[in-house]
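Bear in mind that the values in this text are calculations on the coordinates, not laboratory data. The shown structure was predicted, so the numbers you read here are calculated from the model rather than taken from an experiment. In this analysis, Cβ positions are derived from the backbone assuming ideal geometry, glycine residues included, and neighbour counts consider all displayed protein chains.
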2 protein chains.
Amino acid sequence: MVKSRCDLSRVHGLIETGPVVLLTTSRAGRPNAMPMSWHTMLDFEPPLVGCVVSDRNYSFAALKSARECVLNIPTAKLARQVVGCGNTTGAKIDKFAAFHLTARPASLVRAPLIDECYASLECRVADTRLVRKYGLFVLEILRAWVDPAAKNPRTLHHRGWGRFMVAGQTIALPSAMR
Amino acid sequence: MVKSRCDLSRVHGLIETGPVVLLTTSRAGRPNAMPMSWHTMLDFEPPLVGCVVSDRNYSFAALKSARECVLNIPTAKLARQVVGCGNTTGAKIDKFAAFHLTARPASLVRAPLIDECYASLECRVADTRLVRKYGLFVLEILRAWVDPAAKNPRTLHHRGWGRFMVAGQTIALPSAMR
């Protein structure tokens, strides 16, 4: 999927709708991907995201040591792969091979972009002080890639226990809210 | 709107889809409401939510001093009121009167429930140590109220600049993810 660089000042709109993301990491050259729904924007510029990764997740050690990751945003077409990545562990399988996901090199970090996702945000870990108490990593988005054709992406929003709400119509109202 | 108590173990499913919430506070007996999209679950039990409230918001002082609030989740029917609350400040107007919102007493906190919202989560501020650096308040959800008829609520998800994605269909897949 061909993606274009997205201005970092606009990237908050990709995250604050609350989509499931696939967090990719790289550990000893092996890529891994885990679905994650517990995230929030923390600042506009530079764009900061807080995300919760439990130390029970295989990705935890890679994120903590490499201090880099990519947040990839899938659409509903990838729902089975998202659930597959959530039901398995990178400790035992190569999720990219198992779920036919394509790892593409990122520009600034070693963690890969997932080609099939409509948006990919290259991140560095900016603050780990909240990890012990809340599992909360503060990420700075360094570069953002978006499919320019995805005007109203049908993102997935986890309701718990494998139920996902799929993004519906977009409405616009006169608003001063960024 | 008649709401029932929702088991706290299930409340994460209301938040992790990423809906716009109306955060209500009470200050010297005057209720206020502000829309907020920057929030994330931080733990299941007790349910903790991290939410970003800027010190430029009128609600900031009330939240910091009273250490209580309610997270009310509106559906698309309330889109105009949500934007109205975002375009105005409680320093100048009574938003409940201006936008025809009904304040109902909560059971455990002084901040009000918004009757028109399909879910309301009574919260206490559990941790303010991240407020200075990130504007991040850690809230513990003490009690949750949900309209039992709202099976697939058409929640609002902010895309920025007054554009909202409205929740679409729900799909279910076999998943081990809570």
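Go through A:LYS3/A:LYS64; A:LYS77/B:LYS95; A:LYS95/A:LYS151; A:LYS133/B:LYS92; A:LYS3/A:LYS95 and tell me which ones have a Cα-Cα distance over 30 Å in this structure.
Correct reply: A:LYS77/B:LYS95; A:LYS133/B:LYS92.
If you take each beta carbon of peptide B:130-136 and count the beta carbons of other chains within 10 angstrom, what is the mean?
Working: counts 9, 0, 0, 6, 9, 2, 7.
The per-residue average across the peptide is 5.
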Treating the point 7 Å from Cα along Cα-beta-carbon as the label, what are the nm separations from B:ALA91 to the other copies, to one decimal? 5.2
Pick out, from A:ALA91, A:CYS51, A:VAL131, the residue whose Cα sits farthest towards the positive end of the charge dipole of the range A:32-138, with +1 on the Cβ of Lys and Arg and -1 on the Cβ of Asp and Glu. A:ALA91
Sorting from shortest, the nanometre distances separating the label point of B:THR128 (7 Å past Cα along the line to Cβ) from those of the same residue in the other copies are 3.0
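Which values, in whole Å and largest first, are the semi-axes of the equivalent ellipsoid of the range B:100-178 obtained as the square root of 5 times each eigenvalue of the Cα gyration tensor? All intermediate terms of the calculation are to be shown ahead of the outcome.
Numbers: eigenvalues 123, 80, 58 Å².
The three semi-axes for the range B:100-178 are 25, 20, 17 Å.
Taking only DSSP H segments of four or more residues, each worth -39500 (n - 2.57), what value at 222 nm results for chain A once the sum is divided by all its residues, to the nearest 500 deg cm²/dmol? It would help to have the intermediate numbers written out before the result.
On the way: 5 runs with 29 residues, N = 178.
Calculated at 222 nm, the ellipticity per residue is -3500 deg cm²/dmol.
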With the contact rule set at Cα under 8 Å and sequence spacing of 6 or more, what percent relative contact order holds for the range A:18-160? 30 percent
Under the definition of Cα pairs under 8 Å and six or more residues apart, what whole-number percent is the relative contact order of the range B:88-135? 21 percent
Shape call for the protein assembly as shown, from the Cα gyration tensor axes a ≥ b ≥ c (a/c under 1.5 means rounded, otherwise prolate when a/b beats b/c, else oblate), comes out prolate
How many nanometers, to one decimal and shortest first, lie between the label point of B:PHE44 and those of its other copies, if labels sit 7 Å from Cα toward Cβ? 3.7
Can you give the FRET efficiency to the nearest 0.05 for A:ARG80 and B:LEU108, using r as the Cβ-Cβ distance and R₀ = 30 Å? 0.15
What does the charge count near B:ALA172 come to, summing +1 for each Lys or Arg and -1 for each Asp or Glu among other residues with Cβ under 11 Å from its Cβ? +2
Axis proximity, chain B to A: residue whose C-beta lies nearest, plus whole-Å distance: B:GLY18, 1
